[in-house]
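Accompanying notes for the structure given below.
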Amino acid sequence: TGLSGASMIGLTDATANRTITGLTGGAEGRVMLICNRTSFSYLFPSESASSVAANRFRTGNSATVTMRTNGSILAMYTGTRWFINSV
């Protein structure tokens, strides 16, 4: 019914590659699985200035993580950012 209670997001509407720079609703220890159900890739840049600091993603190597078709990203909120790794 909404992002506030979700533990998984299924992305289904892409018609081209997309970039996701942040996610609202972070709370210490919250875990979110983001799944790509499209034929396109989603890019998750680390520390993108296009999102407010509290909504940003931080990757393990400070680079952009690419989620390909049928891929997924596991994100955990660490109190100030969403930490992500691809799974």
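The values are calculated or read from the model by the stated rules, or taken from the named source; none is laboratory data. Small disclaimer: the values here were computed from a predicted structure and weren't measured. We place every Cβ from the backbone using ideal geometry, glycine too, and count neighbours over all the protein chains shown. Just so you know, the surface numbers come from the protein's heavy atoms only, side chains and all, with ligands and any DNA or RNA stripped out. Shrake-Rupley method; radii C 1.70, N 1.55, O 1.52, S 1.80 Å.
Values computed for the structure shown
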read-out: Mean Cβ count within 10 Å, highest first, over the residues of peptides 55-65, 10-20; value: 55-65, 10-20
read-out: Listed residues Tyr42, Leu23, Asn70: farthest to the positive end of the dipole of the stretch 16-87 (Cβ charges); value: Asn70
read-out: Label zone at Arg37 (point 7 Å along Cα-to-Cβ), backbone N below 11 Å, the stretch 1-20; value: 9-13
read-out: Accessible area in square angstrom per residue, the stretch 28-67, 1.4 angstrom probe; value: 49 Å²
read-out: Integer Hz, Karplus 6.51/-1.76/1.60 couplings in order for the stretch 70-81, x for Gly and Pro; value: 6, x, 8, 10, 9, 10, 10, 7, 9, x, 9, 8
read-out: Global geometry of the chain, whether rounded, prolate or oblate, following the gyration tensor of its Cα atoms and the 1.5 cut on a/c; value: oblate
read-out: For the chain, size of Cβ-based charge dipole, Lys and Arg +1, Asp and Glu -1, in debye; value: 80 debye
read-out: Packing rank of 38-46, 26-34, where each peptide gets the mean count of other beta carbons within 10 Å, highest leading; value: 38-46, 26-34
